1. Along each of its three principal axes, how wide is the spread of alpha-carbon positions in region B:96-152, in whole angstrom units, largest first?
2. When you take every Cα atom in region A:129-168, what is the radius of gyration, and what is Dmax, the widest Cα pair distance, in Å?
3. Can you order the peptides A:395-405, B:178-188 by their average number of other Cβ atoms within 10 Å per residue, highest first?
4. How many Cβ atoms of partner chains, on average, are near each residue of B:112-122 if near means within 10 Å of its Cβ?
5. Per-residue HN-Hα couplings for region B:112-129, Karplus 6.51 cos²θ - 1.76 cosθ + 1.60 at θ = phi - 60°, whole Hz, x for Gly and Pro?
6. Given the options A:L120, A:A76, A:A137, identify the residue whose Cα lies farthest towards the positive end of the charge dipole of region A:45-158 (+1 on Cβ of Lys, Arg; -1 on Cβ of Asp, Glu).
7. How many percent of all Cα-Cα pairs in region A:1-64 sit more than 18 Å apart?
8. Using only Cα atoms, what is the ratio of the radius of gyration of region A:59-106 to 2.2 N^0.38 Å?
Amino acid sequence: MSPRTLYGKIWDEHLVATRADGTSLIYIDRHLVHEVTSPQAFEGLVLAGRALRQPGNILSVADHNVPTMDREKGIADETCRLQVEALEANVKTHGVPYIPLLDDRQGIVHVVGPEQGFTLPGTTVVCGDSHTSTHGAFGALAFGIGTSEVEHVMATQTLPQRPSKNLRVRFEGALPPGTGAKDLALRLIGQIGTAGGTGCVIEYTGPAVRALSMEGRMTLCNMSIEGGARAGLIAPDDTTFAYVEGRPLAPKEALWDAAVAHWRTLASDPVAAFDQEVVVDLRDLAPQVTWGTSPQWVTDITGRVPDPAQARNAEERDAILRALDYMGLEPGTPMEAIDIQAVFIGSCTNGRIEDLREAAGVARGRKVAQGVRALVVPGSGLVKRQAEAEGLDRIFLEAGFEWRQPGCSMCLGMNEDRLEAGVRCASTSNRNFEGRQGRGSRTHLVNPAMAAAAAVAGHFTDVRRLEIH
Amino acid sequence: MLPFTTLTGIAAPLLRANVDTDLIIPKQFLTTLVRSGLGRHLFHELRYDPAGRELPGFLLNREQYRKATLLLAGPNFGCGSSREHAPWALLDFGIRCILAPSFADIFFNNCFANGILPVVLPAEAIAQLATVQGPLTVDLPAQTVRADGLTLTFQIEPARKAALLEGMDEIKRTEASLADIEAYETRRRVEAPWLAIGGR
């Protein structure tokens, strides 16, 4: 057989049929479902008189519009409550595994799936959510789909697909101190642009990627979609297997051994051909901060807000002008001189235990600056429990952060965790789009330590200068 | 799915790059349990002030575009969130065809699932169409866009074209491959038994 990429191998293993028109039917092993993008799919199935083909291959949980405070009292917002109730009714009717709202395992689908061992190397994983790319960290082909496709997977356990292009991203060198997976992702997106990966599946390679923990790999793969790629992949290795082993839904005993033996064969063959290659030099990587309304508009913490006059063309100049106007920023302003009023630490990008440890390392013994509201929202109940066992909640609370219950929260503000117009936020989430965290809100994407540093300083600050406890 | 053959109508030009699905339909409208009724919230934050009044400067609030059935857009249209609420909102407003230099992948798929035709044309062609006064005609069988003596051709994957022309139910089509799906599942149970959830 000719040399194949990791993506090619997973594709081949999941090919159910090639149809006369050239499209392929690809088998879907794992399906994550949440409350926002599923009601119309369940309704469609019922209207058409179709059953779910493999309800046991689904894991469902409410995350997008759940409250992160006083959850025991129920959901105050009626439309949010109705949507969660619809999910609960649908999973009951159709026999779909569900993690209840007050269960310790509840959390953001992309935190919960890996945590439960639902996400496995070499599998295909879909969810009606673009950040499904997160699961690519395990060497799973994982991508976001629309609700019509959710219905299609529920009914047939397959999706019609066209092969994507293979894009290899090679990070050269090691991560410099004070930087992390989030900075890798933002630097890459800054380099290739927010549409740079359109039509591609990215495979992330290089020593810096190998050195990342699973949490870091998930952060990196999570933001593939922000570079336009539906999926990002990292070949599974011992780090992956050590994370997966023993998790509730992972294979055990003899099946575990057989699985690992197979997973070791999944790496791209050494001479496999990629359609495109991008090299990112990490030598001068500094903590990244976005300044605009697209994740591609990013610079070093030591950098400045760009000058539209230096844009490459009129369209880019106009776009930058509009972004600066929305963000309330003046060209040439040093990033460190930008004051913030809010901090959000959490999301499927940076809501895992390692992220909270990094943020707590900065927060310990310091105080949130006056006039700053800072939220810490663990990615799941298990992350929350672990953080509390390590005393991280005390560190945050003593520093003046709010310690919340798990969910998507202020990443998109479907629940009440929203920003007022004009409020500037250092956020560990993934999107700085106009209005993303609330109408008129101003989002700057950063890594968790940088977010905590901004919280205590009241403005963006270079975390590399702070003593970490 | 709605079939699509030819469409003649007014095209509203919204040419900024990287229009994301949050901008097309913001978060507060995603709690709906149905597909319909989102048209009045399309581009909500560009279209209305915080009190809910129309912003007269916005494209779709101008008299000539209130009944637009086509949208001329910039590159990477529909990036970001996978929310199918974006094409639902466009469709509910009346948009059946979007012409842009490029589309984000998930949004592009979601359009076809809802009978919306996304047409990829070079940025220069989009700019040229944006200057046209009066209606455009998009002819899917002929793969052309015609306006004002101008005829542009576009490419579309044959399978996508056939599905749109017919208004095909994709699930029904896949169900024709049921024997293949069953055979695959049987084979996988033997070849990759660890995929059984929590198996030992």
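1. 33, 22, 17
2. Cα radius of gyration and Dmax of region A:129-168 are 11.3, 34 Å respectively.
3. A:395-405, B:178-188
4. Counting other chains' Cβ atoms within 10 Å and averaging over B:112-122 gives 1.
5. With coefficients 6.51, -1.76 and 1.60, one gets 4, 5, 10, x, 9, 8, x, 10, 9, 9, x, 3, 5, 5, 4, 4, 5, 5 Hz.
6. The one lying farthest along the dipole's positive direction is A:L120.
7. Result: 58 percent of Cα pairs exceed 18 Å.
8. Normalised by 2.2 N^0.38 Å, the Cα Rg of region A:59-106 equals 1.10.
All of the numbers you see were taken from the coordinates with simple rules; none came from a lab. Here the structure is a predicted model, which means the values were calculated and not measured. Cβ atoms come from the backbone with ideal geometry, glycine included; neighbour counts cover every protein chain shown.
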